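Trainee: Quick one: this structure, given as structure tokens, is what I'll be asking you about.
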Amino acid sequence: MAIKRSTIIFSSIFILVLGLSILFYVVFGYPKVERIFFFPMDHTLETSGESRKVPRHALDEENLEEYVREWLLGPLVLEHRNLYPRNTRLLTLIYREGTLYLDFSMNIMMKSDESPLNFNEILDVITLGVKFNFPVVEKVVYTIEGEPLPPLEDIMIQKEKIED
């Protein structure tokens, strides 16, 4: 029984395309990387992680920015609550020599129903997540709309004045 010429051509094209696909995968790799995002649990408020695949970038700074911006979108798991208060934005992210500088909008300091954690707890969870996923980060420095954070005592005094 003779093999048809069209079958040989089709098989050759299929093997060529398969070979090229494998070559591209080996050379360029998988364009996503798995990261762990930490969120408070709905009932206990304990910190729990969820895994997501996010795009991989060539530079550490781009990977860090992708991570923090994805985190701002909120949790995927129903048992998790938002880490950030509503309308919190990342204004600037700079990574230099092991230090990550994060500048957020003022909303990160506001208490809201979406985020059960206070401001300092939110910063602790951000630091945990960044250092867990990016061991090259030694220190995280926070600013709010370009201004350095006031000492904790000043934040508590301002909060008491607002609540009164």
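The values are calculated or read from the model by the stated rules, or taken from the named source; none is laboratory data. Remember, predicted model here, so these are calculated numbers, not experimental data. Counting neighbours? That spans all protein chains shown, and the Cβs are built from the backbone with ideal geometry, glycine included. Side chains are part of the model used for accessible areas, which takes the heavy atoms of the whole protein and leaves out ligands, DNA and RNA. Shrake-Rupley method; radii C 1.70, N 1.55, O 1.52, S 1.80 Å.
Trainee: Residues in the range 74-107, backbone N under 18 Å from the label point at E34 (7 Å along the Cα-to-beta-carbon vector): list them, ranges by number please.
Mentor: Counting only backbone N, you get 76-77.
Trainee: Find the accessible area per residue for the chain; the probe is 1.4 Å, ligands and nucleic acids are left out, and the unit is Å².
Mentor: Roughly 68 Å² per residue, with all protein chains present.
Trainee: May I ask you to derive the FRET efficiency for I94 and V17 from their Cβ-Cβ distance with R0 = 45 Å, giving the value to the nearest 0.05?
Mentor: Efficiency, rounded to the nearest 0.05: 0.55.
Trainee: Something else: Which of these, S115, S12, S105, has the largest mean-square fluctuation under a Gaussian network model of the chain (Cα springs below 10 Å)?
Mentor: S12
Trainee: Gaussian network model of the chain, Cα springs within a sub-10 Å range: biggest mean-square fluctuation belongs to which of I144, I22, I36?
Mentor: Among I144, I22, I36, the largest mean-square fluctuation in the Gaussian network model of the chain belongs to I22.
Trainee: Of the candidates L83, L91, L100, which one comes out as most mobile in a Gaussian network treatment of the chain with C-alpha springs shorter than 10 Å?
Mentor: Of L83, L91, L100, the Gaussian network model singles out L91 as fluctuating most.
Trainee: What does the accessible area of K131 come to, in Å² to the nearest 10, when a probe of 1.4 Å is used?
Mentor: Accessible surface of K131 is approximately 90 Å².
Trainee: What helices does the chain have that are whole DSSP H segments, at least 20 Å long along their own axis by Cα, and with mean Kyte-Doolittle hydropathy of 0.5 or more?
Mentor: 5-28, 119-133
Trainee: Take the solvent-accessible surface of the protein heavy atoms, probe 1.4 Å, and return the percent of it on the chain that carbon and sulfur atoms account for.
Mentor: Carbon plus sulfur share of accessible area: 59 percent.
Trainee: Could you tell me the number of lysine pairs in the chain with C-alpha atoms less than 16 Å from each other, where the two lysines are 8 or more residues apart or belong to different chains?
Mentor: Summing the qualifying lysine pairs gives 4.
Trainee: Using only the Cα atoms of the range 1-98, build the gyration tensor, take square roots of its eigenvalues as a ≥ b ≥ c, and label the shape rounded, prolate or oblate: rounded if a/c is under 1.5, else prolate if a/b is larger than b/c, else oblate.
Mentor: prolate
Trainee: Moving on. So what's the back-of-envelope 222 nm ellipticity for the chain, counting only DSSP H runs of four-plus at -39500 (n - 2.57) apiece and dividing by all residues, rounded to 500?
Mentor: Taken over the chain, the calculation gives -13000 deg cm²/dmol.
Trainee: Which one, (i) 10, 32, 25, 16, 8, 5, 3, 1, 0; (ii) 11, 43, 39, 8, 0; (iii) 9, 30, 27, 12, 8, 7, 4, 2, 1, 0, gives P(r) over Cα pairs in 10 Å bins from 0, in percent as derived from the coordinates shown?
Mentor: Among (i) 10, 32, 25, 16, 8, 5, 3, 1, 0; (ii) 11, 43, 39, 8, 0; (iii) 9, 30, 27, 12, 8, 7, 4, 2, 1, 0, the one derived from this structure is (iii).
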